[in-house]
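*Asks:* After the structure tokens below, expect a handful of questions from me.
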Amino acid sequence: MAFFYIINVTLFCVPNLISIDNLLIEAKGKRLLNLPSFTSTLGEVHAVLGESGSGKSLLLKCLIGLLPDNLTAKGNINIEFQQPNLNVKDHWSRKNWEQIRGKHIGMVFQEPLSALNPQMTCGAQLSEAWAIHAETKDKKSVSEIRERLSDVGLGVDIERILKSYPHQLSGGQRQRVVIAMATLHKPRIILADEPTTALDFFSRKRVLTDLVNVIRKFNSTLIWVTHELDVVADFADTITVLRKGELIQSGSVKEVLTKAPHEYVTQLLNAIPKKKQVEANNDVPSLSIEHLGKVYPNHTRALHEFNSNLAPGETLAVIGTSGSGKSTLAKILVALETPSEGKITLNGKPLSQIPPTGIQMVFQDPFSSLNKRHTAINAMLEVRKVCFPKEADAERIKWVEQGLDEVALDRELWQKRPTEMSGGQRQRLCIAKALASNPKILILDEAVAALDPLVQEQVLKLLKKIQKERQLIFVFITHDLAVASHVADKMIFLERGQIKEIPEEWLQHMPV
């Protein structure tokens, strides 16, 4: 690997904290990322935009020394630190990286459930993250951990968060814990890979505000990989746009988004969802949910008196903040949770608790819901074999190939495993798997949250087409009001497990 990290240890401030020259990353001769130049200055928020597979996450992995061994890389990465105790000269060894990661470079990964240890409480993980880089007999851990959790909006629930395991938290709460962990030591560089994908609109803005405040206060830099164009202009100073591994445009927010946007950037802006025109549907309800409730063993009420009726071809969008009960509803519908009260009927019959139930789900975290040993082809074949054991091999292969084509998964990825795919590519595979069993109802739990605007638009159009052809019922679980208003015939707003009126401050952000 002809790839060099140049670490300059200095005692004075430098204009560029990160400088990259002629970075080239390849896999078996195929170019994955070609970045002639990239710089980020002290105190800067640098957003990196691009579609899935554009090389955004590869850039972050280079900056934190986590580039997979099967990739070859060339070029120079120059990082300046104002830390006299670091004595790194020509190369960064594994030991050097261990001293740097977490203390001087923090990382917020895209999928919090995969980033957190399922066997440790969040409090134990935060304490461990502090202790790794803490001085001997350090007594600041408790106060620092609590301060960071408060910084990311978990101040009200600190005691519960510290005692909870990752699976006991909502997706948004888990992501906030990961953000708190990444900023625990107030690192000079913070790398964030889609850090607010799991958060609702207002939590997203609060978390980003907290991140940016940390950057400004400690004169650090934030490299922020995102596809959320609606918030980029509010927080970023500089934008770099990548597409299929190539640099498209780089410059100030004004130049990239308004003054002289590249044609590709214009396409991204035009892909932002528009409000759906709802048509009256007088069909007899196929899915009926009556007085549904859920109370967990720790006496936490996640759902209370939930009611809804849906006819074939209709879409219900369930929106709300993190922890409002959205995912609990989804798990009950697919029989992964048992309701404490109420009933659900499908075509007039009680919903089966034993698969196949006629309902499939696309989960919020695609990486955790995929078998890491299976290629895309094998993952799809497994579903077809289980659901249609008498299907001929040739017919099965044909259907699988059509299914992968439908979700726009590149053919070159069909023999790849989830670890070799981007977050958006993994999510598309999850959608294809859910459709492979020909369900009557599809539960989509933040199903497009991990996708960039163009791919999101494509997937939403695909889902709409499939829904119309098969008369599917969709239950769309989301925190994104723009997506909800784009897809929904009906909308329900949840707050602490109860159906409420959509708040006025949410309606102000409703797309037209």
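*Asks:* Looking at L222, L303, L242, can you tell me which residue is in the same structural domain as D452 (by TED's automatic domain parsing), surrounded by 15 or more Cβ atoms within 10 Å (Cβ to Cβ), among the aliphatic types (A, V, I, L, M) and modelled with pLDDT of 90 or more?
*Replies:* L303
*Asks:* What pairs come up if the first residue lies in region 245-271 and is without any contact (Cβ under 8 Å) to a residue 40 or more places away in the chain, the second is basic (K, R) and crowded, with 18+ Cβ neighbours inside 10 Å, and their beta carbons are under 7 Å apart, counting only those six or more places apart or on different chains?
*Replies:* Y264/R243
Quick grid of which residues meet (1) at pLDDT 85 or above; (2) outside the structural domain of V231 (by TED's automatic domain parsing); (3) surrounded by 17 or more Cβ atoms within 10 Å (Cβ to Cβ); (4) part of a strand (DSSP E or B):
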residue	(1), (2), (3), (4)
S40	yes, no, yes, yes
S57	yes, no, yes, no
N70	yes, no, no, no
I79	no, no, yes, yes
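*Asks:* Would you say G423 is touching a Pro at 6+ places or on another chain (Cβ under 9 Å), crowded, with 17+ Cβ neighbours inside 10 Å, assigned by TED's automatic domain parsing to the domain that holds N309 and not basic (K, R)?
*Replies:* Yes.
*Asks:* To continue, here is another question. Any residue in region 376-399 that's over 21 Å from D410 (Cα atoms): show its pairings with residues that are surrounded by 12 or more Cβ atoms within 10 Å (Cβ to Cβ) and modelled with pLDDT of 90 or more at Cβ separation under 7 Å, as long as the two are six or more apart or on different chains.
*Replies:* E391/R384
*Asks:* Moving to a separate point now. Assuming H486 fulfils every condition listed in (1) in contact (Cβ under 8 Å) with a residue 12 or more places away in the chain; (2) within 23 Å of S170 (Cα to Cα) apart from one, which condition is it?
*Replies:* (2)
*Asks:* Looking at region 387-433, which of the residues that are outside any loop (DSSP other than H, G, I, E, B) and among the basic types (K, R) is nearest to K30 (Cα to Cα)?
*Replies:* Ranking the qualifying residues of region 387-433, first place goes to R411.
*Asks:* Quick check on region 174-192. Is at least one of its residues part of a helix (DSSP H, G or I), free of Cβ contacts under 8 Å to residues at least 12 places away in the same chain and on the phi < 0 side of the Ramachandran plot?
*Replies:* no
*Asks:* Test each condition in (1) surrounded by fewer than 18 Cβ atoms within 10 Å (Cβ to Cβ); (2) at pLDDT 85 or above; (3) β-branched (V, I, T) for V278 and report the one that comes out false.
*Replies:* Tallying (1) surrounded by fewer than 18 Cβ atoms within 10 Å (Cβ to Cβ); (2) at pLDDT 85 or above; (3) β-branched (V, I, T), V278 fails exactly one: (2).
*Asks:* Further, regarding this structure: Among the residues of region 289-300, what is the count of those that are modelled with pLDDT of 90 or more and β-branched (V, I, T)?
*Replies:* Number of matching residues: 2.
*Asks:* Hey, among the residues in region 358-379 that are surrounded by 17 or more Cβ atoms within 10 Å (Cβ to Cβ) and hydroxyl-bearing (S, T, Y), which one's modelled with the lowest pLDDT?
*Replies:* S369
*Asks:* Same structure, new question: Just checking, does region 446-454 include any residue being in a helix (DSSP H, G or I), in the same structural domain as K326 (by TED's automatic domain parsing), more than 30 Å from G293 (Cα to Cα) and not hydroxyl-bearing (S, T, Y)?
*Replies:* yes
*Asks:* Can you pull out the residues in region 464-480 that are crowded, with 17+ Cβ neighbours inside 10 Å and either touching a helix residue (DSSP H, G or I) at 6+ places or on another chain (Cβ under 6 Å) or at pLDDT 85 or above (or both)?
*Replies:* Selection gives Q467, L472, I473, F474, V475, F476, I477, T478.
*Asks:* Still on this structure: Can you work out which of the residues in region 482-511 that are assigned to a helix (DSSP H, G or I) and surrounded by fewer than 16 Cβ atoms within 10 Å (Cβ to Cβ) is farthest from the chain's Cα centre (by Cα)?
*Replies:* Among residues in region 482-511 that are assigned to a helix (DSSP H, G or I) and surrounded by fewer than 16 Cβ atoms within 10 Å (Cβ to Cβ), the one farthest from the chain's Cα centre (by Cα) is E504.
*Asks:* Another one. Yes or no: region 129-151 includes at least one residue that is buried (at least 23 other Cβ atoms within 10 Å of the Cβ) and touching a residue at least 40 places away in the same chain (Cβ under 8 Å).
*Replies:* no
*Asks:* Tell me, please, whether a residue that is assigned by TED's automatic domain parsing to the domain that holds L435 and in a helix (DSSP H, G or I) can be found in region 368-375.
*Replies:* Scanning region 368-375, I find at least one residue that is assigned by TED's automatic domain parsing to the domain that holds L435 and in a helix (DSSP H, G or I), so the answer is yes.
*Asks:* Could you look through region 152-171, keep only residues that are more than 16 Å from P118 (Cα to Cα) and at pLDDT below 90, and pick out the one that is surrounded by the fewest Cβ atoms within 10 Å (Cβ to Cβ)?
*Replies:* That would be V156.
*Asks:* Exactly one of (1) in a strand (DSSP E or B); (2) under 24 Å from S322 (Cα atoms) is unmet by T240. Its number?
*Replies:* Only one criterion in (1) in a strand (DSSP E or B); (2) under 24 Å from S322 (Cα atoms) is unmet by T240, namely (2).
*Asks:* Considering only residues that are surrounded by 23 or more Cβ atoms within 10 Å (Cβ to Cβ) and either closer than 21 Å to V265 by Cβ or of a type in the set (S, T, Y) (or both), which ones fall in region 205-219?
*Replies:* Selection gives L208 alone.
*Asks:* If we scan region 465-481, do we find a residue that is in contact with an Asp or Glu (Cβ under 7 Å, 6 or more places away or on another chain) and in a helix (DSSP H, G or I)?
*Replies:* No: zero hits.
*Asks:* What number goes with the only condition from (1) at pLDDT below 85; (2) under 28 Å from L268 (Cβ atoms) that E98 does not pass?
*Replies:* (2)
*Asks:* Please go through (1) over 24 Å from the mean Cα position of the chain (by Cα); (2) at pLDDT 90 or above for V142 and return the number of the only condition it doesn't satisfy.
*Replies:* Among (1) over 24 Å from the mean Cα position of the chain (by Cα); (2) at pLDDT 90 or above, V142 violates only (2).
The values are calculated or read from the model by the stated rules, or taken from the named source; none is laboratory data. This one's a predicted model, so the numbers in the text were calculated from it and none came from an experiment. All Cβ positions, glycine included, derive from the backbone under ideal geometry; neighbour counts span all protein chains shown.
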